[in-house]
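Quick notes on the structure that follows.
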């Protein structure tokens, strides 16, 4: 399986409140493969979703953590694809990779 990275694009649409973020998978050379995960303040309160759906990355992670298979998710939600689920997992890994934990020491 080829390695990929997540690249964030800010997209301004004609209406100021229509701003959305599209997360693209990039191949090793930096060429866009798909824009499968996006977020918009108007869809699911801005949570990242599979593009064109209201299926959140959070929901996908919860279902997989509960033991549902990727194919089971696709069977239950026809608008999902295996590549969209992989994009959600990749997006989640990228978000966690950039997470910073600061130690708080009591004075």
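The values are calculated or read from the model by the stated rules, or taken from the named source; none is laboratory data. From a predicted model like this one, the values you see are computed outputs, not experimental measurements. For neighbour counting, all protein chains shown are included, and Cβ atoms are generated from backbone atoms with ideal geometry for every residue, glycine included.
For region 79-93, name all the residues that are touching a strand residue (DSSP E or B) at 6+ places or on another chain (Cβ under 7 Å) and either in contact (Cβ under 8 Å) with a residue 60 or more places away in the chain or assigned to a helix (DSSP H, G or I) (or both).
83, 84, 87, 88, 90, 91
Which condition number does residue 100 fail, the rest of (1) without any contact (Cβ under 8 Å) to a residue 12 or more places away in the chain; (2) in contact with a helix residue (DSSP H, G or I) (Cβ under 6 Å, 6 or more places away or on another chain) being met?
So residue 100 meets the others, but not (2).
Just name the residue that is modelled with the highest pLDDT out of those in region 94-107 that are loosely packed, with under 10 Cβ neighbours inside 10 Å and outside any loop (DSSP other than H, G, I, E, B).
Filtering first and then ranking leaves 96.
For region 44-78, give me the residue count where each residue is within 15 Å of the chain's Cα centre (by Cα), loosely packed, with under 13 Cβ neighbours inside 10 Å and outside any helix (DSSP H, G or I).
2
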